[in-house]
1. Of everything in segment 91-120 that's touching a Phe, Trp or Tyr at 6+ places or on another chain (Cβ under 6 Å) and either without any contact (Cβ under 8 Å) to a residue 12 or more places away in the chain or closer than 23 Å to residue 55 by Cβ (or both), which residue is surrounded by the fewest Cβ atoms within 10 Å (Cβ to Cβ)?
2. Hey, among the residues in segment 47-65 that are touching an Asp or Glu at 6+ places or on another chain (Cβ under 9 Å) and surrounded by 13 or more Cβ atoms within 10 Å (Cβ to Cβ), which one's nearest to residue 5 (Cα to Cα)?
3. Give the residue, chosen from 75, 4, that is of a type outside the set (Ser, Thr, Tyr) and at positive phi.
4. May I ask you to say which residue of 27, 16 is farther than 30 Å from residue 1 by Cα and either polar (S, T, N, Q) or in a helix (DSSP H, G or I) (or both)?
5. Could you give every pair whose Cβ atoms fall below 6 Å, whose first residue belongs to segment 9-23 and is at pLDDT 95 or above, and whose second residue is part of a helix (DSSP H, G or I) and among the polar types (S, T, N, Q), counting only separations of at least 6 or pairs across chains?
6. Going through segment 66-90 one residue at a time, which ones are surrounded by 15 or more Cβ atoms within 10 Å (Cβ to Cβ), part of a helix (DSSP H, G or I) and in contact with a Phe, Trp or Tyr (Cβ under 8 Å, 6 or more places away or on another chain)?
7. Take residue 59 and tell me if it is among the aromatic types (Phe, Trp, Tyr) and part of a loop (DSSP other than H, G, I, E, B).
Amino acid sequence: MKSDISTRDDIYKLVTTFYEKVLKDPTLKHFFKSIKDWDAHYERLTSFWESSLFLRTKYLGNPLEAHVKVDRENDHSITQEHFGQWLNLWYETIDELFEGEMAQVAKNRARKMSTFLYLKIFEARLESE
């Protein structure tokens, strides 16, 4: 039986395992080419998800700004399909590693976040025209 997501270490394991998959995915990996310090990126994302799931850590970053920037740097090429693939890999990774209430919460929050981010990226494209 798998355990549920309950600690920062669990989140770190989820984030690093997930990004191992993303960086091998032919449809997603090129969006991450600008990241030079993966250790810092993993820590930032671990803090983001810890804040999102447990409300224990205050996350100070701006995910929307970061995603709009990546879209702009990639000629506004991020599509719904990219977010769908990202979400599929997220779900797959959670299912491989965890089960329980927080695992489901992590899936639900990622689904809502992916929809929000895609809509905001599209909106930012319209504003920049």
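The values are calculated or read from the model by the stated rules, or taken from the named source; none is laboratory data. Since the model is a prediction, treat every value here as computed from it, not as a measurement. In this analysis, Cβ positions are derived from the backbone assuming ideal geometry, glycine residues included, and neighbour counts consider all displayed protein chains.
1. Taking segment 91-120 as the starting set, the residues that turn out to be touching a Phe, Trp or Tyr at 6+ places or on another chain (Cβ under 6 Å) are 93, 107, 110, 114, 118.
Remaining after also requiring either without any contact (Cβ under 8 Å) to a residue 12 or more places away in the chain or closer than 23 Å to residue 55 by Cβ (or both): 93, 107, 110, 114.
Values: 93: 21, 107: 15, 110: 19, 114: 18.
Out of the qualifying residues, it is 107.
2. Filtering segment 47-65 down to residues touching an Asp or Glu at 6+ places or on another chain (Cβ under 9 Å) leaves 56-57, 59.
Narrowing further to those that are surrounded by 13 or more Cβ atoms within 10 Å (Cβ to Cβ): 57, 59.
Numbers: 57: 15, 59: 18 Å.
Among those that are touching an Asp or Glu at 6+ places or on another chain (Cβ under 9 Å) and surrounded by 13 or more Cβ atoms within 10 Å (Cβ to Cβ), it is 57.
3. Working: 4 fails: at positive phi.
Sole residue among the options that is of a type outside the set (Ser, Thr, Tyr) and at positive phi: 75.
4. Details: 16 fails: farther than 30 Å from residue 1 by Cα.
On inspection, the qualifying residue turns out to be 27.
5. Every condition considered, the pairs that remain are 11/46; 12/46; 15/46; 17/93; 18/93.
6. 70, 82, 83, 89, 90
7. Numbers: among the aromatic types (Phe, Trp, Tyr): yes; part of a loop (DSSP other than H, G, I, E, B): yes.
Against the criterion (among the aromatic types (Phe, Trp, Tyr) and part of a loop (DSSP other than H, G, I, E, B)), residue 59 qualifies.
Rundown of residues vs (1) at pLDDT 90 or above; (2) over 15 Å from residue 18 (Cα atoms), yes/no style:
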{"site": "43", "(1), (2)": "yes, no"}
{"site": "53", "(1), (2)": "yes, yes"}
{"site": "62", "(1), (2)": "no, yes"}
{"site": "83", "(1), (2)": "yes, no"}
{"site": "93", "(1), (2)": "yes, no"}
{"site": "106", "(1), (2)": "yes, no"}
